[in-house]
1. Could you work out the Kirkwood radius for the range 33-116, taking every pair of different alpha carbons, averaging 1/r and inverting it, reported in Å?
2. Full-extension gain between C52 and L72, please, as 0.36 nm times their residue separation minus the C-alpha to C-alpha distance.
3. About the Cα centre of the range 34-99, what is the dipole size in debye to 20, counting +1 per Lys and Arg Cβ and -1 per Asp and Glu Cβ, all else neutral?
4. Fewest first, what order do Y47, Y94, Y109, Y55 take by the number of other Cβ atoms within 10 Å?
5. Using Cβ contacts closer than 10 Å as the measure, can you line up I37, I107 from fewest to most?
6. Within a Cβ distance under 13 Å of Q46, other residues only, what is the Lys/Arg minus Asp/Glu net charge?
Amino acid sequence: MYNKLFSTWVLIILISAVFLGVSGCGTSLPAIDAARIQAGQHVYEQYNCLQCHGYDGNDKMDLKKALHKKGLDELKAWILDPGQFKPGTEMPSYGGVLSDRELEDVIQYLRVLANQGR
Ligand code: HEC
């Protein structure tokens with residue numbers, strides 16, 4: 001009786017540990033979703049990100065580094081108003097251009113590019 005109860009608890013603790021491990025690791029960015037990546041690629045091409053950042057995201061700079069360093073909110077803030085972080089940057093502001101959804105999609109897409117890395 002005691003043993004059975006004990007092993008049930010061990011099992012529960014193990015399962016929670018695995019769950020916390022899986023959900024707790026990584027960044028604050030949302031999980032990757034294939035449909036949104038496609039939408040993100042569309043945004044990337046339609047709004048000229050491609051022209052500056054290239055097909056692998058590394059033309060003007062190492063996007064991979066930025067994507068690993070910054071959380072979702074920071075990346076959004078950057079894309080909406082890059083001049084706020086780097087006055088005089090070549091990159092245009094996308095505030096009022098991209099919807100929140102488009103922003104999230106393009107960031108998802110950038111994460112995929114970053115992970116394909118060079
Ligand atoms: C006219 C060129 C140009 C366009 C268009 C452009 N970018 Fe950029 N972007 C840059 C440059 C240059 C930098 C590097 C910052 C710097 O040195 O000025 C940069 C930096 C970034 C960064 C990294 C910021 C950091 O944390 O270091 C992200 C993310 C980014 N761009 C996303 C985008 C997205 C998404 C689009 C399209 C919606 C886009 N860019 C369009 C030129 C551009």
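Bear in mind that the values in this text are calculations on the coordinates, not laboratory data. In this text the structure is predicted, and so the values were computed from the model without any measurement. Cβ coordinates were reconstructed from backbone atoms using ideal geometry, including for glycine residues, and neighbour counts include every protein chain displayed.
1. The Cα-based Kirkwood calculation yields 12.7 Å.
2. Result: 5.1 nm gained on full extension.
3. Numbers: 8 positive and 8 negative charges, 41 e Å.
With only Lys, Arg, Asp and Glu charged at Cβ, the dipole is about 200 debye.
4. Y55, Y47, Y94, Y109
5. Values: I37 18, I107 21.
Lowest count first: I37, I107.
6. -3
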